[in-house]
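Down below is the structure, laid out as structure tokens.
The values are calculated or read from the model by the stated rules, or taken from the named source; none is laboratory data. As the structure is a prediction and not an experimental result, all values here were calculated from the model. Reconstructed Cβ throughout: ideal geometry from the backbone, glycine too, with neighbour counts over all protein chains shown.
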Amino acid sequence: MKKITAPTMSEAMAKVKKELGSDAVILYTKKVYHGRFFFKKEKIEVIAAEDPDPVTPTRNKIVAKAKQSPLAKVVEETVYQPVQSFDKHIPIPNIVFNFRKRLLEQGITSDEVDRLTKHLVKNWYKSDETLLETEMKNCLSEEIARRIISSRFKTQTKKKFIALVGPTGVGKTTTIAKLAAQAILDEGKTAAFITTDTYRIAAIDQLKTYAQILKVPVEVAYSSADFKEAVSRLKNVDIIFIDTAGRNFHKDCYIQELQNILPQNNDLDTYLVLAATSKYNDMARIIHQFSILPDLKLIFTKMDETLTVGDVINVLFKNPYYEVAYFSNGQNVPDDLIKANIEDLINHLLEEKNERSS
Ligand SMILES: Nc1nc2c(ncn2[C@@H]2O[C@H](COP(=O)(O)OP(=O)(O)OP(=O)(O)O)[C@@H](O)[C@H]2O)c(=O)[nH]1
Ligand SMILES: [Mg+2]
């Protein structure tokens, strides 16, 4: 890790590139002042590190593709603005301090909390210190919604294949059952399951149980040849849900296996399932690992099991190119699955714990 100081941001970036290479990761930027009184000069301080896991050619291609997506422009405008440090000389009014405390308690990273505090302080002083608490809350909600990018909350899909991937025990199989039940009951579609999770016997039984209840066919694919045969047997079905094994995805070979078995066509939606109870760093790592699969969308499960959604929001702040499709908020099939929506998420973040439990 290196601290680099330069008169302007572009000079700082040039220095970072020279000293740490073009894969360097920017961890933090802020304005600093050198000298005193008339000699005081503003400089930019950047803390950067070498990328511990540089972008591979495949990942590079996917990132390049994401940058051409319709989301790219709005991402550039909202997310990749330099992080401005919080100006310690401006007093934080109590009303703002309480929101700041709430954001920190919820686990939002300190750079994001600083950015949001700054926004609130600015609006508070702009209003001549007259804004009420509810108005400040609205102001904060709107800024968070803008930064998360509300347009990425989309529910797919009209695709024939829907695959759920992700780490162990996050709720992939249960969510598949919910999605299938909703497609059958609410939309009158026909459905089928294919599982590639041949790693645990109990996993096949679990999916077969759901298949029996929903009266849908289930096929087990041990190889990509099996998978193709299963698909041809199920050609008249409207939607084929693909369940996959949860494995320790720190090993690249498991992702490669998945990539080999999943159909390579435009009629596939792949959802990466993350549990809202996981830590931010772990979720970030999982997203990075799975990013070689094209056009991933996110599902967050176990929303009912956590009182803090800061880490989910951190994931969204830091991974702006991924659409968010569903929130799962319980074990009941099919009811505990809702279309992802930003209002619920922000309410969860800002409302007090005792209000939630009541
Ligand atoms: N509280 C809560 N529990 C959930 C939710 N979604 C799934 N679960 C539970 O989490 C456990 C694991 O769910 P599975 O669907 O088997 O998870 P999986 O990702 O398929 O697991 P593996 O196939 O072993 O990787 C089960 O007990 C589910 O009932 C949720 O949104 N909230
Ligand atoms: Mg499973």
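Filtering the range 288-341 to residues that are assigned to a helix (DSSP H, G or I), over 30 Å from L214 (Cα atoms) and free of Cβ contacts under 8 Å to residues at least 40 places away in the same chain leaves V312, K318. What is the residue count in the range 17-38 for residues that are at pLDDT 70 or above, in a helix (DSSP H, G or I) and over 29 Å from the mean Cα position of the chain (by Cα)? Result for the range 17-38: 2.
When L104, L116, L120 are checked against the criterion of being at pLDDT below 95, more than 16 Å from ligand 1 (Cβ to nearest atom), surrounded by 20 or more Cβ atoms within 10 Å (Cβ to Cβ) and closer than 26 Å to T277 by Cα, a single residue qualifies: L116.
From the list L268, L298, L307, L272, the one residue that fits, being within 29 Å of D238 (Cβ to Cβ), at pLDDT below 95 and more than 10 Å from ligand 1 (Cβ to nearest atom), is L268. When residues in the range 118-172 are screened for being within 20 Å of the chain's Cα centre (by Cα) and of a type in the set (S, T, N, Q), 7 of them pass. Against the conditions (1) part of a helix (DSSP H, G or I); (2) within 16 Å of ligand 2 (Cβ to nearest atom), I346 satisfies every one except (2). Out of all the residues in the range 135-155, is one or more outside any helix (DSSP H, G or I) and modelled with pLDDT of 95 or more? No - not one qualifying residue is present in the range 135-155. Screening the range 160-276 for strands (runs of 3 or more DSSP E) wholly inside it with 3 or more residues that are of a type in the set (V, I, T) and touching a residue at least 40 places away in the same chain (Cβ under 8 Å) returns the ranges 239-243.
Restricting the search to the range 223-242, which residues are within 22 Å of V273 (Cα to Cα) and modelled with pLDDT under 95?
F227 - this is the single residue of the range 223-242 that is within 22 Å of V273 (Cα to Cα) and modelled with pLDDT under 95.
State whether one or more residues within the range 235-256 are among the β-branched types (V, I, T), within 18 Å of the chain's Cα centre (by Cα) and assigned by TED's automatic domain parsing to the domain that holds A191. No, that holds for no residue. Taken as a whole, the range 172-181 holds no residue that is crowded, with 19+ Cβ neighbours inside 10 Å, within 16 Å of ligand 1 (Cβ to nearest atom) and either over 17 Å from D335 (Cα atoms) or outside the structural domain of T244 (by TED's automatic domain parsing) (or both).
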